[in-house]
Amino acid sequence: MAKRLWMACALFFLCAGAASAQDAKTVLQAAQKAMGDVTSIQYSGTGHLNSFGQAWKPDDPWPVTNLTSYTKTIDYTSKSAKEDLVHSEPNPMVKGGGRPFAGDDKQENFVSGQYAWDMPKGTPVPQLGAAAERQIQIWLTPHGFLKGAMDDNPTAKKVGNATEITFHTGKYTVTGTIDANNMVTKTETWLPNPVLGDMPVETTFSGYKDFNGVKFPTTIVQKQGGQATLELTVSSVNPNPGLSVSVPDAVKTATAPPIKVTSQKLGDGIWFVAGGSHNSMVVEFPTYITVIEGPLGEARSLAVIAEAKRLVPNKPIKYLINTHSHFDHSGGVRTYVAEGATIITQEINVPFYQKAWAAPRTLAPDNLSKGAQEANFIPVKEKYILSEGDRTLELFHENGSMHNAGMLIVYFPKEKILEEADDYTPDLPELAAPGGIRPPVFMANLMKQIQALKLEVATVAPLHGIVVPFSELQKAASAGKG
Ligand SMILES: [Zn+2]
């Protein structure tokens, strides 16, 4: 009896599995018929674009910008896409990073197979790191989802009146929801992110309308890491416009540049570690090393850690000071945890990192996910002094920052050096943007803090740009050019 029951169960599950693949194709075919099959599509609209990873407070929405023009053209056959957009700063400005910027920011982005590039002022700039995401974005569109699923062994699951279809492309899993009217209402995948791990990317589609014989949503909302990155109100759709894209030679031959690390001695046992878009500092204490900032991701952190150990042999990295939670400044922090360092950061960031770092990391495992270390934090409220022997660092919470609510600045009282992130970005004269790249309110707030705390600054060590005398910051602040 037990054996027969077991056989019946086994048979049931086998049939259920087989039916699932069959159901998936049937549901996909019905959706393709209802939505209209296309080989290429172009859709345009307006809405909002958000600065991902640049929230003012860790759990806030990504800072919003106005998307005044947006057109996306996709050729599903050649796996190519082009995105044209113009966005601008809301008035009054919103809090957070990644912006503000002056006037309209115009972008032209491409993907074709494994290649991705941008076209600022008509010149191709390879975007090696963006190719996987731009490619997968093709399959996250309503018609793209149906095509991607049809070609890649889809499976189906009934959820109420809707069907959830799942397929795999490379290491990515894509799930879409098809409703009782045979319309794709949602697509979802997970992308690797240095801060958030396997990060959910959800796109919802609503207000389907007929556009020249093809059904297309009038509202598209994409969320990454749980917050909106794109809200689009679609005004026009052009079915089968074609897209001829040829990959520029400069893009075909591009390879990832090696990670460059340079160090500049600012005082006894104090080094400014640059060489890329984001800087760090290495500080020698009598029995240990403290590093200020773990930006970008693990590759950068490993290079900076190697440099720290070269500059200060035979001492452990005991502390990593994280200035703020923006992803470009915190993407490499986990590597320091794996290295055994305690993380010093403003208190609002601690619960955020604890939650973010607990997420699965199957898509891009890092040293911390492979090891067993626990993250230890020293939460800073308004002030913290890190001191051993004759070495002292003073950490202050930068109150009133429009850029980040939990911003820390670091002051070396003996050497009169001030470390700051994102308030002021001095650069070599030949590289400096006219008018500066930071809004004057950021610098004004930094100057206010320096005065309120009565810091006697002689040298500014910025986490972007170059080391300058304090007089440069004073000049820039009075001219309103950051
Ligand atoms: Zn920032």
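Points worth noting:
- Size of the stretch 323-482: Rg and Dmax of its alpha carbons, in Å, are 17.1, 51.
- Coupling constants for the stretch 314-330 follow from the phi torsions by the Karplus curve (6.51 cos²θ - 1.76 cosθ + 1.60, θ = phi - 60°), and in residue order they are 6, 10, x, 7, 8, 10, 10, 8, 9, 6, 6, 8, 4, 4, 5, 9, 10 Hz; glycine and proline get x.
- Sequence-distant residues sharing a close amide H with residue 36 (under 5 Å, placed H): 215
- Shape call, the stretch 281-322: gyration tensor on alpha carbons, a/c limit 1.5: oblate
- Spherically averaged projected area in nm², based on the convex hull that wraps the Cα atoms of the chain: 27.0 nm²
- Most simply put, the stretch 213-358 has about 75% antiparallel DSSP beta bridges, counting only bridges with both residues inside it.
- Spherically averaged projected area in nm², based on the convex hull that wraps the Cα atoms of the stretch 156-201: 3.6 nm²
- Between residue 314 and residue 478, the contour length at 0.36 nm per residue exceeds the Cα-Cα span by 54.6 nm.
- For the stretch 165-174, 3J(HN,Hα) per residue [Karplus equation, 6.51 cos²θ - 1.76 cosθ + 1.60, θ = phi - 60°, Hz, x = Gly/Pro]: 10, 10, 9, 10, 10, x, 8, 9, 9, 10
- Accessible-area value, residue 151, 1.4 Å probe, nucleic acids and ligands omitted, Å²: 120 Å²
- Taking a ≥ b ≥ c as the square roots of the Cα gyration tensor eigenvalues, the stretch 220-359 comes out oblate, since a/c reaches at least 1.5 and a/b does not exceed b/c.
- Amide proton proximity set for residue 380, modelled H, under 5 Å, gap of 5+: 345, 346, 347
- The stretch 68-216 shape via C-alpha gyration tensor axes, a/c threshold 1.5: prolate
- In Hz, Karplus ³J(HN,Hα) per residue of the stretch 340-355 (6.51, -1.76, 1.60; θ = phi - 60°; x = Gly, Pro): x, 7, 8, 9, 9, 8, 5, 4, 5, 7, 4, x, 5, 5, 4, 6
- Above-threshold pairs, the threshold being 25 Å between Cα atoms, out of 381/416; 57/475; 121/260; 33/106: 57/475; 121/260; 33/106
- In range of the label at residue 287: residues from the stretch 307-339 whose backbone nitrogen is under 15 Å from the point 7 Å along Cα→Cβ: 315-319
- About the Cα centre, charge dipole magnitude for the chain (Lys/Arg +1, Asp/Glu -1 at Cβ), debye: 960 debye
- C-alpha long axis of helix 470-479 to longest principal axis of the chain, angle in °: 60 degrees
- Over the stretch 128-280, accessible surface divided per residue gives 44 Å², non-protein components excluded, 1.4 Å probe.
- Other-chain or far-sequence residues with amide H under 5 Å of residue 297's (modelled H): 332
- As a rough guide to protection, the peptides 320-331, 56-67 ranked by mean Cβ packing within 10 Å, highest first, stand as 320-331, 56-67.
The values are calculated or read from the model by the stated rules, or taken from the named source; none is laboratory data. It should be emphasised that the depicted structure is a prediction, and the values quoted were computed from it without experimental measurement. Neighbour counts are summed over all protein chains in view; Cβ atoms, including those assigned to glycine, are modelled from backbone coordinates with ideal geometry. Note: accessible area is taken over every heavy atom of the protein model, side chains too, but ligands, DNA and RNA are not part of it. Shrake-Rupley method; radii C 1.70, N 1.55, O 1.52, S 1.80 Å.
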